[in-house]
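These notes concern the structure reproduced below.
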Amino acid sequence: MTGTPATVAAARARVAFTLHSYTHDPAAPSYGEEAAKALGVDPERVFKTLVTEVDGTLTVAVLPVSASLALKALARAAGGKRAAMADPAAAERATGYVRGGISPVGQRKRLRAVLDASAQRHATIFVSGGRRGLEMELAPGDLIALTGAVTAPITRE
């Protein structure tokens with residue numbers, strides 16, 4: 001199997017990671033929940049990558065698939081005032097990935113990243129490996145090192 005930009009970037013940085021693949025169902029209502037179920041992993045350990053705009057700057061929010069993004073908390077964590085979801089086409093252009101396969105790692109243009117603080121409760125977490133049906137398992141600290149992410153509580157109940 002050929003690597004994705006995410007796996008190539010992690011390997012180049014000599015970061016330890018494990019790939020997990022599953023058969024993606026195009027009808028699945030939630031890519032992240034589908035991944036958690038297919039891999040038999042607690043949804044709190046599977047993190048989705050949402051591309052947002054904070055004060056007009058594309059910013060990646062990485063949070064558990066079981067949670068919802070708190071836009072105000074994200075804006076604060078990124079040092080801004082307002083956050084909104086980015087246009088999906090702009091997200092795909094900036095990252096080089098398709099929706100449902102956007103990884104926080106190996107993006108075409110490295111976007112500012114905010115990782116939900118809950119990631120640090122786990123020895124490893126799962127993020128998209130760069131395509132639908134491929135998850136990358138790695139330590140939260142390694143994800144922070146690869147992406148330059150800041151950590152903050154960015155979910156809402």
Quiz item: Mind checking which residues of the stretch 55-76 are touching a residue at least 24 places away in the same chain (Cβ under 8 Å), within 17 Å of Ala117 (Cβ to Cβ) and of a type in the set (A, V, I, L, M, F, W, C)?
Solution: Val60, Ala61, Val62, Leu63, Val65, Ala67, Leu69, Ala70, Ala73, Leu74
Quiz prompt | helices (runs of 4 or more DSSP H) wholly inside the stretch 1-86 that include at least 1 residues being touching a Gly at 6+ places or on another chain (Cβ under 6 Å) and of a type in the set (Phe, Trp, Tyr) | solution = 31-39
Quiz prompt | Single condition Met85 does not satisfy, out of (1) more than 24 Å from Ala28 (Cβ to Cβ); (2) surrounded by fewer than 14 Cβ atoms within 10 Å (Cβ to Cβ); (3) touching a residue at least 24 places away in the same chain (Cβ under 8 Å) | solution = (1)
Self-check item: Single unsatisfied condition, Gly79 versus (1) within 16 Å of Arg99 (Cβ to Cβ); (2) without any contact (Cβ under 8 Å) to a residue 60 or more places away in the chain
Solution: (1)
Quiz item: Taking the condition open to solvent by 20 Å² or more (accessible area, probe 1.4 Å) and in contact with a His (Cβ under 8 Å, 6 or more places away or on another chain), does Glu137 pass?
Solution: yes
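Quick one: in the stretch 6-34, which of the residues that are out of contact with any Leu (no Cβ under 9 Å at 6 or more places or on another chain) and buried (at least 18 other Cβ atoms within 10 Å of the Cβ) is modelled with the highest pLDDT?
Taking the stretch 6-34 as the starting set, the residues that turn out to be out of contact with any Leu (no Cβ under 9 Å at 6 or more places or on another chain) are 8, 11-12, 14, 23, 25-34.
This time we only want the ones that are buried (at least 18 other Cβ atoms within 10 Å of the Cβ), so: 31-32, 34.
Numbers: Tyr31: 85, Gly32: 87, Glu34: 91.
Ranking the qualifying residues of the stretch 6-34, first place goes to Glu34.
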Quiz prompt | Single unsatisfied condition, Ala91 versus (1) closer than 20 Å to Thr151 by Cβ; (2) outside any loop (DSSP other than H, G, I, E, B) | solution = (1)
Quiz item: Name the pairs: first residue in the stretch 115-126 and closer than 16 Å to Val60 by Cα, second residue among the basic types (Lys, Arg) and assigned to a helix (DSSP H, G or I), Cβ to Cβ under 8 Å, at least 6 apart or on different chains?
Solution: Phe126/Arg45
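The values are calculated or read from the model by the stated rules, or taken from the named source; none is laboratory data. No experiment lies behind these values; they were computed from the predicted model shown. So basically every Cβ, Gly included, is an ideal-geometry build from the backbone, and we count neighbours across all protein chains shown. Note: areas computed on protein heavy atoms with side chains; ligands, DNA, RNA excluded. Shrake-Rupley method; radii C 1.70, N 1.55, O 1.52, S 1.80 Å.
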